[in-house]
Each structure stands twice: as C-alpha cells, then as structure tokens.
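Written out below as structure tokens is the structure these notes cover.
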Amino acid sequence: MLLHDESPEAVETREQTFILGTYARTPFHPRSGKGAQLVDANGKTYWDLLGGIAVNALGHRHPRLMKAMKDATSELLHVSNLYYHPAQGILAEHLVLESGLLRAFFCNSGTEANEAALKFARLAAPGRSEIVALEESFHGRTLGSLSMTGHEAYRTPFAPLIPGVTFVAPNDIAALEAAVTEKTTAIVLEPIMGEGGIILLTDEYLVAARHIADRKGALLIFDEIQCGVGRTGTLFAFQQSGVVPDIVTLAKPLGGGLPLGAVLTGPAIEGVVKPGHHGTTFGGNPVACRLGIAVLEEIRASRLLDRVQAMGAWFGDALAELATRTKAVVAVRGRGLMWGVELDRPAAPIARALLEAGFVVGTARDNVLRLLPPYIVPKKALAEFIAALEATLTVDRLPLAGRIVANGNTIAALSTVNGQRSTTQEGALSK
C-alpha cells in the first residue's frame, strides 16, 4: 500500500471507522515538509509554527537527523534494557554534563517521565505522599501525572484520582508556602506553563520554591517537557533562573521526532533508586537515543541557542507591537521560541483561519494562540504570520462586507448573510 497516495477523504473515513475517538482532529493532512514548512496532500505549503507541539525543534527532514536515522536503522532497532547499547549512555552523558545533575533515566514520553519522577520522589522521601502543583498546569494523561494536572476538566471524568494533591495559583509565593507541609513529597512546577496558556513563572517564585522545598524537606521537580531542550534559549529553562531542581523531566524535542522521554536526577535521588524499582520495555531505545544525540549535537554545532534567543527577542517585540495596534490582542507572553498570544475571543476559530492562510499554530485553553516554531524558523515566516494574524483578527471584527489582503494575498472575505457575519477563507499567503 502506498500510504502517500491515500486521499484525505479515505484517511478520514478509515479513522472514523477504526480509530478510538480520543482526538478531535483538524481536517489537515500534512504529507511532506522540509525545514520550517509542511506540505499537505493537495500540495499546499504551510509555515509550521507549532512544530508537532514542540517536538520538531530542528524542523522537518533535517539532514543531521535523517543521517542519524539512516545509520541507526541499519543496525539494531531494539535492545532490551537487560543489556547494553552505546547510545543510551552517550545521550545520558550529554544531558548530565549540560544540566549539572547526576543521572538520567530514559522512557518514551513526557507523561512517563513525570510518572517516573513521582516514583523517584516517593523513594527519596519515605513516609510522605502529598504533592503541591499549580492551577492550570499540565503534566500528562496517565493517572499519576493527571492527578497533578491543574485543569479540572481533564481530571473530572477520571475521578477519583491519586489523593493528596494541592493546587495553588502560579507565582503566588504565600500560597505555595502555606500548601507545603511535612507530608509533602514534592513541589512540581513547569518553569513556563505551556498547556496553561504560556504562563511564565518568575525567577523570584522559582527561588522561593527552592527555599520552601529545602526548609520543608520536599523535593523540587521541574517539568521541562515543553519548555526544555533549548526552547527558551538555554538548553534547560531552569538555567535562566539559577535555580537547580532535584529532578527535571524532558521529552518532546529530545527524540528528534521519535518517542523519547528522560528524567534527570540530582543528589537527592542518588542511591535511592534500585534495580526493580522502575523500568520500561522501549525506553532508551537505540534509534531514539541516536536521534537524541543528533538533536543535542546540532543545537551545539549550529549555535541554535543563540539563534533562539535572538529570534525570540525579535518575535516578542513584534508581537508586543502588534498588541499596540489591535485591542484583540490582550497579552503576549513567552520567551525564546515559546509564545502565547492571548486574545479577546476564542482562539480556535482564529487558529483555523490561520491554517487556511498557510500557518500551522496551536491553542492553549480557550483564548490563547500557542506558538512553538522550530529553532530554524526564518524571520520571514514569523513576519508573515504577524501580518496574517492582524488581518485575521481584523476581518473577524468587521461589521460590513469586506476583504482582507496581506502581502498581496487575499486571506478572507467577509459577507453579511441574513444580517449575520460569515467569513470565507479564499487562499493562502505565498511563501
């Protein structure tokens, strides 16, 4: 079967018939891509500003990743964790030396990394079982990680969950201090909360969290699954605050597109995890680890952290300037190449209009556009996105029939039907 030849209609019909409906899929069919661009089944080209939800940090079909994949798949595809293979130790060495922590454990995903972190924290703090996490946080879909996810809509269908989790407001030091007790195993924080709407935790708050954890005998866990591995301009987000957590969890970009998660542990965990305490069949797979090594090597060789910092500073300024031109943008939050644009209206329809205009973006909560472009994204793509966003927000508010043109391309036509406004997308911005 030539999968590339399957029509979008056939793909959707087959999924609706045979796939369990856990996803409300967008009718978008990317089939190929290169760099920061995707091409759909009809040959239309898009700027990818979501990066597979922060996974495709090097873009699509990056030469270093393609070579690493070819080399790795010419050898063994799987080696049991009962035995050794070189790539796992090499990747662990890179991560440990770059982070300043002591050891690494590899798994398959972010939610698995957070589950492992919880178990390791329990081992390091026997007799304690409670967790303090943040409102609107997101740590995964399994029962343990879901239990400390601070968005009630995700938790309610699966209650009762693991007991003993207290949620406090982000950046509220007094609330954090009051919540942590002698029964607290760990404080779990995302330095930048992705799913929660790109909420940055202040350096002051992270420093306070470290002091509170130390005073109360709790561990400090940083979930850097979305904001780590270079996304904010340093390899680890915690490096910008000077606060070193006891445990860091990673995933998304680490495997270069293959499933790979990691838990990095510091002195508090040293010596407490023994053989048999935890495990995984596929975690630390040799192919995924080879790609992980390639990701870190490319970040270093191409000085991508400097690029993320510079591009992020320019993009943040450009988004802030957009906010001065339209009241539709309520707030702009972010760092590096991780940005949220809070709107005065639901974000999903705007994201759909932008997709029609040739831009793949995400959303967070109800009214935030989430932007996680690859580290190699050209400035041209971001500039065209800002023009398209401004045009889309304008057409969404026009009271009369009109037409919005950006960079010489019509992206939407507005008409009035029976006294009601409707927007019809008419084409994509040229690349």
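The values are calculated or read from the model by the stated rules, or taken from the named source; none is laboratory data. A quick note: this is a predicted structure, and the numbers were derived from the prediction, not measured. When we count neighbours, we look across all protein chains shown, and the Cβ atoms used for this are built from the backbone with ideal geometry, even at glycine.
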Quiz item: Just wondering, is there one or more residues in region 249-261 that are touching a strand residue (DSSP E or B) at 6+ places or on another chain (Cβ under 6 Å), touching a residue at least 60 places away in the same chain (Cβ under 8 Å), among the hydrophobic types (A, V, I, L, M, F, W, C) and in a loop (DSSP other than H, G, I, E, B)?
Solution: yes
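Can you list the helices (runs of 4 or more DSSP H) found entirely within region 47-105 that contain at least 2 residues being under 28 Å from Pro373 (Cβ atoms) and of a type in the set (D, E, K, R)?
Working: elements: 51-54, 63-73, 86-99.
Passing ranges, in order: 63-73.
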Practice problem: Scan Arg307, Arg335 and give me the residue that is crowded, with 17+ Cβ neighbours inside 10 Å, under 17 Å from the mean Cα position of the chain (by Cα) and closer than 30 Å to Phe106 by Cβ. | Solution: Arg335
Exercise. Any chance you could count how many residues in region 360-391 are of a type in the set (Lys, Arg), over 20 Å from Pro30 (Cα atoms) and modelled with pLDDT of 95 or more?
Key: 2
Practice problem: Pull up region 294-338, narrow it to residues that are out of contact with any Gly (no Cβ under 6 Å at 6 or more places or on another chain), in a loop (DSSP other than H, G, I, E, B) and among the small types (Gly, Ala, Ser), then point me to the one that is nearest to Thr392 (Cα to Cα). | Solution: Ala328
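Out of curiosity, is Gly89 buried (at least 16 other Cβ atoms within 10 Å of the Cβ), closer than 18 Å to Gly255 by Cα and not aliphatic (A, V, I, L, M)? Write out each step before concluding.
Numbers: buried (at least 16 other Cβ atoms within 10 Å of the Cβ): no; closer than 18 Å to Gly255 by Cα: yes; not aliphatic (A, V, I, L, M): yes.
Taking the combined requirement at face value, the residue does not satisfy it.
Does Ala348 satisfy the criteria of being over 21 Å from Lys379 (Cα atoms) and either in the same structural domain as Glu384 (by TED's automatic domain parsing) or crowded, with 20+ Cβ neighbours inside 10 Å (or both)?
Details: over 21 Å from Lys379 (Cα atoms): yes; either in the same structural domain as Glu384 (by TED's automatic domain parsing) or crowded, with 20+ Cβ neighbours inside 10 Å (or both): yes.
So Ala348 passes the test.
A quick yes/no check of all residues on (1) closer than 21 Å to Asn108 by Cα; (2) surrounded by fewer than 17 Cβ atoms within 10 Å (Cβ to Cβ):
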| position | (1), (2) |
| --- | --- |
| Asp5 | no, yes |
| Pro8 | no, yes |
| Thr17 | no, yes |
| Arg31 | no, yes |
| Tyr46 | no, no |
| Val55 | yes, no |
| Met69 | yes, no |
| His78 | yes, yes |
| Asn81 | yes, yes |
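What residue, of Gly242, Gly196, Gly257, Gly233, is touching a His at 6+ places or on another chain (Cβ under 8 Å), of a type outside the set (Asp, Glu) and surrounded by fewer than 24 Cβ atoms within 10 Å (Cβ to Cβ)? Lay out the reasoning, then the answer.
Details: Gly242 fails: touching a His at 6+ places or on another chain (Cβ under 8 Å); Gly257 fails: touching a His at 6+ places or on another chain (Cβ under 8 Å); Gly233 fails: touching a His at 6+ places or on another chain (Cβ under 8 Å).
Gly196 is the lone residue from the list that is touching a His at 6+ places or on another chain (Cβ under 8 Å), of a type outside the set (Asp, Glu) and surrounded by fewer than 24 Cβ atoms within 10 Å (Cβ to Cβ).
Answer yes or no as to whether Phe28 is under 25 Å from the mean Cα position of the chain (by Cα) and assigned to a strand (DSSP E or B). Don't jump to the end; show me each part of the working.
Details: under 25 Å from the mean Cα position of the chain (by Cα): yes; assigned to a strand (DSSP E or B): no.
No: the conditions fail for Phe28.
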Practice problem: For region 133-160, enumerate the residues that are within 27 Å of Leu200 (Cβ to Cβ) and touching a Leu at 6+ places or on another chain (Cβ under 7 Å). | Solution: Leu134, Gly140, Gly144, Leu146, Ser147, Gly150, Tyr154, Arg155
Exercise. Go through the residues of region 136-149 one by one and say whether even a single one is assigned by TED's automatic domain parsing to the domain that holds Phe120, surrounded by fewer than 17 Cβ atoms within 10 Å (Cβ to Cβ) and among the acidic types (Asp, Glu).
Key: no
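Out of all the residues in region 214-230, which are buried (at least 24 other Cβ atoms within 10 Å of the Cβ) and small (Gly, Ala, Ser)?
So in region 214-230, the residues buried (at least 24 other Cβ atoms within 10 Å of the Cβ) come out as 218-230.
Once the filter is applied, which keeps residues that are buried (at least 24 other Cβ atoms within 10 Å of the Cβ) and small (Gly, Ala, Ser), region 214-230 yields Ala218, Gly228, Gly230.
Is there a residue being assigned to a loop (DSSP other than H, G, I, E, B), modelled with pLDDT of 50 or more and assigned by TED's automatic domain parsing to the domain that holds Val308 anywhere in region 396-419?
We begin by selecting, within region 396-419, every residue assigned to a loop (DSSP other than H, G, I, E, B); these are 396-401, 407-408, 418-419.
From what's left, modelled with pLDDT of 50 or more: 396-397.
Then keep just the ones that are assigned by TED's automatic domain parsing to the domain that holds Val308; that gives 396-397.
Yes, that holds for at least one residue.
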Exercise. Have a look at Asp344, Asp306 and point out the one that is farther than 30 Å from Ala24 by Cα, at pLDDT 95 or above and not polar (S, T, N, Q).
Key: Asp306
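What residue, among those in region 225-241 that are in a loop (DSSP other than H, G, I, E, B) and polar (S, T, N, Q), is farthest from the chain's Cα centre (by Cα)? Give the steps one after another, and end with the answer.
So in region 225-241, the residues in a loop (DSSP other than H, G, I, E, B) come out as 225-236, 241.
Now drop any that are not polar (S, T, N, Q), which leaves 226, 232, 234, 241.
Details: Gln226: 3, Thr232: 11, Thr234: 15, Ser241: 20 Å.
Going through the qualifying residues, I end up with Ser241.
If only one of Glu195, Glu136, Glu204 is among the charged types (D, E, K, R) and on the phi > 0 side of the Ramachandran plot, which one is it? Break it down into steps so the answer makes sense when it comes.
Numbers: Glu195 fails: on the phi > 0 side of the Ramachandran plot; Glu204 fails: on the phi > 0 side of the Ramachandran plot.
Exactly one residue qualifies, and that residue is Glu136.
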